[in-house]
Each structure stands twice: as structure tokens, then as C-alpha cells.
Amino acid sequence: MGLRIRRDDTVVVISGKDRGKTGTVVSVDPANERIVVEGVNLVKRHQRPNPAATPGSPASQGGVVEKEGPIHVSNVMLLDPKTNQPTRVGVTRGEDGRAVRVARRSGQQID
């Protein structure tokens with residue numbers, strides 16, 4: 001099944017400099033087992049002004065831009081939709097025979 005965390009999931013960081021922060025998953029890179037979480041692992045990039053970009057956007061002005069960097073999927077846990085606490089994710093078969101994600105803490109179906 002690959003990664004058990006998907007885009008738009010709400011996760012909490014369990015290790016690293018941003019431990020304890022929560023956010024939604026912006027993008028997932030299954031090949032490298034990394035995800036980008038909104039507001040977590042902010043890094044600064046020195047960006048050259050781009051005249052082809054939309055006027056008023058950060059890319060058109062250039063300078064130091066702050067954005068989210070990827071973190072390893074093992075450093076986050078999914079928030080349980082029922083208890084709002086970190087939980088592990090299991091995979092079981094649904095009524096129609098398809099694989100569905102299940103929160104291990106409460107047993108509630110995620111998708």
C-alpha cells in the first residue's frame with residue numbers, strides 16, 4: 001500500500017526540532033518516504049528575482065523566502081479523528097473488499 005499517510009491528513013510531529021507541532025500534509029513523496037507538513041520544518045531559501053512570475057508573488061521579488069521542507073514519515077503520527085490524539089495507522093478490508101485505513105487507538109475508519 002505504500003505510505004499510510006496521505007495528503008490533507010492532519011499529523012503531529014513526534015521527533016525533531018518541531019516536536020509537538022501539528023499541521024496538514026501538503027505533499028507526499030513515497031519514493032523517499034518524506035512528506036511536507038504545513039508550518040513545520042521551515043527553511044529559508046535565497047531566491048533570485050523572477051520577472052516571468054506573477055507580479056506581487058514572492059518569486060517575482062526575490063530575496064529570502066521561507067517555506068516548508070520535507071520530513072521523514074517516521075517522524076510524524078496521524079491524529080485520531082475521534083480522540084484527536086496521535087495514533088498508529090492500520091489497514092483492513094472494508095465492506096466492499098477494498099483496503100481502508102483504520103486508527104489503531106480508537107478503531108475508527110479514516111477514509
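Structure data summary
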quantity: Thr83 vs. criteria surrounded by 12 or more Cβ atoms within 10 Å (Cβ to Cβ), in contact with a strand residue (DSSP E or B) (Cβ under 9 Å, 6 or more places away or on another chain) and among the hydroxyl-bearing types (Ser, Thr, Tyr); calculated: yes
quantity: Filter result for Gln47 (touching a Gly at 6+ places or on another chain (Cβ under 6 Å), surrounded by 11 or more Cβ atoms within 10 Å (Cβ to Cβ) and modelled with pLDDT under 90); calculated: yes
quantity: Subset of region 26-49 (residues that are closer than 15 Å to Val11 by Cα and in a strand (DSSP E or B)); calculated: Val26, Ser27, Val28, Arg34, Ile35, Val36, Val37
quantity: Test: residue in region 18-33 that is surrounded by 12 or more Cβ atoms within 10 Å (Cβ to Cβ) and more than 29 Å from Gln109 (Cβ to Cβ); calculated: no
quantity: Cross-chain or 6+ apart pairs with Cβ under 6 Å, region 1-29 first and in contact (Cβ under 8 Å) with a residue 12 or more places away in the chain and of a type outside the set (Asp, Glu), then assigned to a loop (DSSP other than H, G, I, E, B) and buried (at least 19 other Cβ atoms within 10 Å of the Cβ); calculated: Val13/Val40; Lys21/Val40; Gly23/Val40; Val25/Asp9
quantity: Spans of strands (runs of 3 or more DSSP E) in region 50-111 with at least 3 residues over 15 Å from the mean Cα position of the chain (by Cα) and either free of Cβ contacts under 8 Å to residues at least 24 places away in the same chain or at negative phi (or both); calculated: 63-68, 89-93, 99-103
quantity: Filter result for Gly2 (within 28 Å of Thr92 (Cβ to Cβ) and surrounded by fewer than 15 Cβ atoms within 10 Å (Cβ to Cβ)); calculated: yes
quantity: Qualifying positions in region 47-62 - within 27 Å of Val28 (Cβ to Cβ) and either in contact with a strand residue (DSSP E or B) (Cβ under 6 Å, 6 or more places away or on another chain) or among the hydrophobic types (A, V, I, L, M, F, W, C) (or both); calculated: Gln47, Ala53, Pro58, Ala59
quantity: Search result, residues across region 4-55 that are in contact with a helix residue (DSSP H, G or I) (Cβ under 7 Å, 6 or more places away or on another chain), of a type outside the set (Asp, Glu) and within 13 Å of Asn75 (Cβ to Cβ); calculated: Ile5, Val13, Ile14, Ser15, Gly16, Arg34, Ile35
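The values are calculated or read from the model by the stated rules, or taken from the named source; none is laboratory data. The model shown is predicted, which means the values in this text are computed figures rather than measured ones. As a convention, Cβ positions derive from the backbone with ideal geometry for all residues, glycine included, and neighbour counts pool all protein chains shown.
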